[in-house]
């Protein structure tokens with residue numbers, strides 16, 4: 001069953017995301033490895049797994065406030081379960097930032113409306129999504145915790161994601177840095193997913209790639225692309 005779920009991971013969507021990233025590759029800007037979106041900066045991000053696909057565009061309005069529009073597709077349950085399509089808009093606010101000698105800590109909150117449709121149901125329901133994001137970053141260490149809740153009158157989903165990464169060397173800001181780490185993800189009603197992964201990161205982009213190792217999700221791919229301009 002796990003192998004069937006993995007084979008359903010659509011190659012065409014990976015190729016499409018790669019084309020998007022490459023098309024934006026000639027553009028230049030500034031990005032951090034965290035959730036921070038600088039003022040007047042646009043961020044595009046794509047995350048793909050066999051059971052979840054996220055496509056997001058965000059824009060930094062001020063040093064503390066950004067807006068985001070996204071489409072998420074999730075499949076809950078077995079591999080043959082129908083997809084749920086979720087369209088969201090949200091505002092993200094930087095509530096706290098602290099600098100250390102070699103790093104920075106950030107805390108964000110966000111919220112906004114959503115509309116979700118279960119494939120084949122023929123009906124769309126309105127709801128809300130809210131969340132909290134904490135991260136700490138240096139040139140050698142990156143860690144974050146994200147809590148994201150989705151709710152409509154007939155559907156509820158809570159996600160908790162924790163990441164920890166370590167760089168084998170302290171790269172300069174303009175150089176490509178390579179990090180290795182692990183992501184732990186817990187979705188309400190599902191088993192905890194454990195995914196070792198690598199990140200290649202530069203001034204205005206990153207690429208994550210990993211494979212899950214827990215029993216239920218074993219061999220499931222995790223791929224994430226981010227680009228700012």
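Taking segment 137-172 as the range and being over 19 Å from residue 222 (Cβ atoms), modelled with pLDDT under 95 and under 19 Å from the mean Cα position of the chain (by Cα) as the test, the residues that pass are 137, 141.
Note on segment 119-136: among residues that are at pLDDT 95 or above and over 20 Å from the mean Cα position of the chain (by Cα), the one that is farthest from residue 92 (Cα to Cα) is 124.
Quick check on residue 161: is it surrounded by 15 or more Cβ atoms within 10 Å (Cβ to Cβ) and under 20 Å from residue 109 (Cβ atoms)?
Working: surrounded by 15 or more Cβ atoms within 10 Å (Cβ to Cβ): yes; under 20 Å from residue 109 (Cβ atoms): yes.
The answer is yes for residue 161.
The condition of being outside any strand (DSSP E or B) and in contact (Cβ under 8 Å) with a residue 60 or more places away in the chain holds for only one of 190, 172, that being 190.
The values are calculated or read from the model by the stated rules, or taken from the named source; none is laboratory data. This one's a predicted model, so the numbers in the text were calculated from it and none came from an experiment. Note: ideal-geometry Cβ built from the backbone for every residue, glycine included; neighbour counts use all protein chains shown.
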